[in-house]
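The values are calculated or read from the model by the stated rules, or taken from the named source; none is laboratory data. Note that the coordinates shown come from a computational prediction; the quantities given were computed from them, not determined experimentally. When we count neighbours, we look across all protein chains shown, and the Cβ atoms used for this are built from the backbone with ideal geometry, even at glycine. Heads up: the accessible areas ignore ligands, DNA and RNA and are worked out on the full protein's heavy atoms, side chains in. Shrake-Rupley method; radii C 1.70, N 1.55, O 1.52, S 1.80 Å.
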Protein chains: 2
Amino acid sequence: MSGTIPAKKGTSMIIGILGAGQLGRMLALAGVPLGLHVRFLDPTPNSPAARLGEQIVGSYDDPELLARFAAGLDLVTYEFENVPTATAALLAEHVPVFPPPIALANAQDRLAEKRFFQQLAIPTAPFAAVDTQADLDVALDIIGLPAVLKTRRLGYDGKGQVVLRQREDVEQAWAMLGGQPLILEGFVPFVRELSILAVRGRDGATACYPLIENTHRDGILRRSVAPAPELDPQLQALAESYATRALDALGYVGVLTIELFQTEQQPALIVNEMAPRVHNSGHWTIEGAETSQFENHIRAVAGLPLGSTAMRGYAAMINLIGDLPAIQAVLAMPAAHLHLYEKAPRTGRKLGHVTVCADDMPTLLERIAAIEALV
Amino acid sequence: MSGTIPAKKGTSMIIGILGAGQLGRMLALAGVPLGLHVRFLDPTPNSPAARLGEQIVGSYDDPELLARFAAGLDLVTYEFENVPTATAALLAEHVPVFPPPIALANAQDRLAEKRFFQQLAIPTAPFAAVDTQADLDVALDIIGLPAVLKTRRLGYDGKGQVVLRQREDVEQAWAMLGGQPLILEGFVPFVRELSILAVRGRDGATACYPLIENTHRDGILRRSVAPAPELDPQLQALAESYATRALDALGYVGVLTIELFQTEQQPALIVNEMAPRVHNSGHWTIEGAETSQFENHIRAVAGLPLGSTAMRGYAAMINLIGDLPAIQAVLAMPAAHLHLYEKAPRTGRKLGHVTVCADDMPTLLERIAAIEALV
């Protein structure tokens, strides 16, 4: 199906989405004005997206459920990268799956991911596979300290990783993580964390959003600013060359996110990881870009022309984590846009975000500070 | 309830909407990120908004249905001005109704509407009530020709009105419209048609959007441009003074639209009519204003702070009427945003609209022309 434009008009397509969290919710919202309908599969009843389409509740591993989910769909996409590859393969027998399942395979395993970038001559942190304690010793000799020991699979928001600063840390790290496939990564001394969102259509057309500056705390994204302050056009060009190489190598369709470290030496950008989906660091695009990441993902997978990724002024996103601030106070802030996900409060949980826009960076930074004071 | 802020957080409110057409659809979409839920009442099954909330299908006159509709709602609003006043009154016994039913009474009857503006010293076309053929003769003597004979109630998109250019037209006009309450209006020689959208919160705070230039054909709105080209700040101030006077006089809550004629003599703005609701001429606010008319209506009725009505550059709206253009071609246009209502094609029917944005007016006008060539 790749490369073809569907015969159906946008008005009559039904898109299946694996996962009905906030990303599925915002994808579905972007589809409504285009006349697109969605169906979700998610094990959690009454997920944030469920009010915007039919939700089939159940496991991603149940072949009967998957067949019921796929029936009548025009295509399937997903909101999280840990979709079991068997699930994607099974669905792909019935209906096109975008982004292509090969992207899932590369994104789910930190080792496969690093090797994928290595093959494309895209710089990453030095790395080594670690299956045994002996592997770890060898890897430490090669990579040195500090380094980060990570599980290859299912890590997110800083979970499943331990920083090794000195040889004494190694034993405890092994005790915590040993016994599963691991990877040791060299520590990259970075100036700041950035991300780039890129989108590729079914016809191979690509577009990139401006680089975004991301601030994490306790391993969770707290704030994104776009474009990244004091952004050098050469840095943007470098990030776009990484992104388009990855998109083309994967025959990708949809939005791809690449997280990057900016360093003080060459190469100026080191890839941290990729997510084959719309991304928290791109939520500001709803108000801050000509076309949001959600609409562009939907346009791409539906075989529609991509929309412009140009900025509309300056924008930032502040996550609402754990509990909600006073809604009235947030809405009273100039140019603040509230997005609630309707999830129950819980420590460390993303419950919503605020996008704030401005015509210049100093005003944007003032507005960010005012909102962060409420959060 | 007016003037109070609801104790509930936005996240748990349920808003009832009378009418589930495209306006209800866009109101519901604006409510999702704020965590607000909607329930619709509309006699037509599977209306454009039905996918965004529960739709109760049935008549606006059925007291039992109205009770079922109102049960558990935090408030009721509406997407059309012909809500029967008895319906609004009945609902208001159970739950707050915003905008207030008095606004409906004034907007539904062209005579009451003209008298309302007259009391506020807001200029309208000269007018006279016409119940009998004798009334019409007297009215013609006072107002002169040309003039427009209109039904007082249920006119929209140019329906229910006849232009009288010479005495010979009168007999036929009376044959067409006589036997129901009518109004004769003097013909206003206007330079262009404008509208202003204003919003008032439950706390009495008000805000106005910039004046919009509207182009009609066959009595149906085809295009809106915002801000109205070559807009004089004094004209904006005059329109805002009309709007805020009307809002305050009605103790209004929500978005109010006033359609205006711009003339070459004083007063430079004559009121044509008002609509106590969000309006087709304000659809561009989704992309073109800091806060859309839909979000501001929802914020107002829910007792939340109003959002900024500032423009984000220049914007225009082109209606898709009767049948749809090639969707792919529209989406390929720079800065074009497609909004489909998922209605079956029918002559004269509004099936969707395209919003187009630009950083300057000449670019906007070029983009409008390119889109209109497709429509």
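Is at least one residue of segment A:253-273 in a helix (DSSP H, G or I) and not basic (Lys, Arg)? No, that holds for no residue. Look at residue A:281 and say whether it is modelled with pLDDT of 95 or more, open to solvent by less than 30 Å² (accessible area, probe 1.4 Å) and within 12 Å of chain B (Cβ to nearest Cβ). No: the conditions fail for residue A:281.
Checked against the criteria, residue A:175 does not count as open to solvent by less than 20 Å² (accessible area, probe 1.4 Å) and more than 30 Å from residue A:292 (Cβ to Cβ).
Just one residue in the set B:77, B:87 is more than 30 Å from residue B:354 (Cα to Cα), buried (at least 18 other Cβ atoms within 10 Å of the Cβ) and not assigned by TED's automatic domain parsing to the domain that holds residue B:180; that residue is B:87. Looking at segment B:97-211, the helices (runs of 4 or more DSSP H) lying wholly inside it that each contain 2 or more residues that are among the polar types (S, T, N, Q) and either assigned by TED's automatic domain parsing to the domain that holds residue B:18 or more than 25 Å from residue B:19 (Cβ to Cβ) (or both) sit at B:110-119.
Residues in segment A:14-45 that are within 12 Å of chain B (Cβ to nearest Cβ) and either without any contact (Cβ under 8 Å) to a residue 12 or more places away in the chain or in a helix (DSSP H, G or I) (or both): A:22, A:25, A:26, A:28, A:29, A:30, A:31, A:32, A:33, A:34. Cβ-Cβ distances below 6 Å connect the following pairs, each with a first residue in segment A:239-264 that is hydroxyl-bearing (Ser, Thr, Tyr), a second residue that is open to solvent by 40 Å² or more (accessible area, probe 1.4 Å) and not in a strand (DSSP E or B), and a separation of six or more residues or different chains: A:263/A:190.
With respect to residue B:97, is the statement that it is touching a helix residue (DSSP H, G or I) at 6+ places or on another chain (Cβ under 8 Å) and touching a residue at least 40 places away in the same chain (Cβ under 8 Å) true?
On the way: touching a helix residue (DSSP H, G or I) at 6+ places or on another chain (Cβ under 8 Å): yes; touching a residue at least 40 places away in the same chain (Cβ under 8 Å): no.
So residue B:97 fails the test.
Within segment A:49-66, if we keep just the residues that are in a loop (DSSP other than H, G, I, E, B) and surrounded by fewer than 21 Cβ atoms within 10 Å (Cβ to Cβ), the residue that is farthest from the other protein chains (Cβ to nearest Cβ) turns out to be A:61.
Of all residues in segment B:159-172, how many are open to solvent by 40 Å² or more (accessible area, probe 1.4 Å) and under 21 Å from the mean Cα position of the chain (by Cα)? So that I can check it myself, show each step before the final result.
Of segment B:159-172, the ones open to solvent by 40 Å² or more (accessible area, probe 1.4 Å) are B:159, B:161, B:163, B:165-169, B:171-172.
Subsequent filtering for residues that are under 21 Å from the mean Cα position of the chain (by Cα) retains B:159, B:161.
Count: 2.
Cβ-Cβ contacts under 8 Å between residues 6 or more apart (or on different chains), taken from a first residue in segment B:322-346 that is among the hydroxyl-bearing types (Ser, Thr, Tyr) to a second residue that is in a strand (DSSP E or B) and open to solvent by 10 Å² or more (accessible area, probe 1.4 Å), are listed as B:341/B:350. Name the single residue that is surrounded by the fewest Cβ atoms within 10 Å (Cβ to Cβ) among those in segment A:316-348 being more than 11 Å from chain B (Cβ to nearest Cβ) and closer than 26 Å to residue A:298 by Cβ. Per the criteria, the residue is A:319.
The set of residues in segment B:201-211 being farther than 21 Å from residue B:235 by Cβ and either touching a strand residue (DSSP E or B) at 6+ places or on another chain (Cβ under 7 Å) or crowded, with 22+ Cβ neighbours inside 10 Å (or both) consists of B:201, B:202.
Filtered by the rule that a residue be touching a Phe, Trp or Tyr at 6+ places or on another chain (Cβ under 6 Å) and facing another protein chain (nearest Cβ under 10 Å), segment B:352-375 gives B:352, B:355. Among the residues of segment B:296-314, how many are more than 8 Å from every other protein chain (Cβ to nearest Cβ) and over 20 Å from residue B:240 (Cα atoms)? The number of residues fulfilling the criteria is 4.
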